[in-house]
Amino acid sequence: MPRLRKAILRAGHYKAFRDEEALYRKELADARGAGRPSRIGDWYAFTLAFKAVFLEGLEVAFIVLTFGTSQGSIPLAALGAGIAILVVVAVGALVHQPLSRVPENTMKFAVGLMLAAFGIFWSVEGTGIAWPGADVAFLYNLAFLTLIAFGMVAVLRRLHGRREERPATTSANIAGIGE
Amino acid sequence: MSSIMNFLRFWYNFIVGDDRIIAAGVVLALVVSAVLARRDLNAWWVMPVAVVVLLAVSLWRETRTAH
């Protein structure tokens, strides 16, 4: 939910958007200033790649074990993860662009919605309650949350717009124009 | 000492996040759901309603304090 909250605040103009292009340039400058590769190799690049692969790999392993165990088929879950890795590698090789090109703020909004929907679905199942429509409940939860989130964004934008107009009106009144 | 504090801060931010009211509200909604489930009531609606109410309250508080 914190992720969804932040995404709604960003979309509603109550929180600043992250400048992905600036962040990319900063990371690039840091990487270039990290020193030259030694005889052993480029440790900076190695550490960055290792951290990313280790973290994501661990996450994939947890997901495979969780889904595989609950459905009674770890090989099938592992096969799904393997196919996903191939797809990601293929897309990465084809696109070959910095991640700053990805509309991150939009993606975070979608991720926030997905996480909140999964959280609601699994936490309720964990209490022993059966969802009407079984697994389809995830989809209607997602649709419901999406509608609510878009509604909240619209309300926040309207509030923000009014707040932006207020100082102008006040100064107009002071100058006697608004009377 | 600072590394221990950083470690604790990380877990606090990871579990509680920006808004303590949301974290407390979600725990409360889970408890209510579990209690109702024990009484054979299929209270699947408690959590979605709680999420919407908590989000609305949290956003409202944020907009009041925003400049």
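The values are calculated or read from the model by the stated rules, or taken from the named source; none is laboratory data. These figures come from a predicted structure and were not determined experimentally. Here Cβ is always computed from backbone atoms with ideal geometry, including for glycine, and neighbour counts include all displayed protein chains. Calculation scope for accessible area: heavy atoms of the full protein, side chains included, ligands and nucleic acids excluded. Shrake-Rupley method; radii C 1.70, N 1.55, O 1.52, S 1.80 Å.
Data table
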{"read-out": "Search result, residues across the range A:32-73 that are at pLDDT 80 or above, closer than 20 Å to residue A:135 by Cβ and assigned to a helix (DSSP H, G or I)", "value": "A:63, A:64, A:65, A:66, A:67, A:68, A:69"}
{"read-out": "Those residues of the range A:58-98 which are surrounded by 12 or more Cβ atoms within 10 Å (Cβ to Cβ) and within 19 Å of residue A:23 (Cβ to Cβ), in sequence order", "value": "A:98"}
{"read-out": "Any pair with Cβ under 8 angstrom, 6 or more apart, that starts in the range A:1-21 at a residue that is in contact (Cβ under 8 Å) with a residue 24 or more places away in the chain and more than 8 Å from every other protein chain (Cβ to nearest Cβ) and ends at one that is in a loop (DSSP other than H, G, I, E, B) and not polar (S, T, N, Q)", "value": "A:10/A:16; A:10/A:17; A:20/A:102"}
{"read-out": "Residue within the range A:8-20 that is more than 27 Å from residue A:146 (Cβ to Cβ) and open to solvent by 100 Å² or more (accessible area, probe 1.4 Å) present", "value": "no"}
{"read-out": "The range A:120-162 - residue that is on the phi > 0 side of the Ramachandran plot and more than 8 Å from every other protein chain (Cβ to nearest Cβ) and, of those, surrounded by the most Cβ atoms within 10 Å (Cβ to Cβ)", "value": "A:133"}
{"read-out": "Which listed residue, of A:17, A:67, A:50, A:62, is aromatic (Phe, Trp, Tyr) and farther than 28 Å from residue A:120 by Cβ", "value": "A:50"}
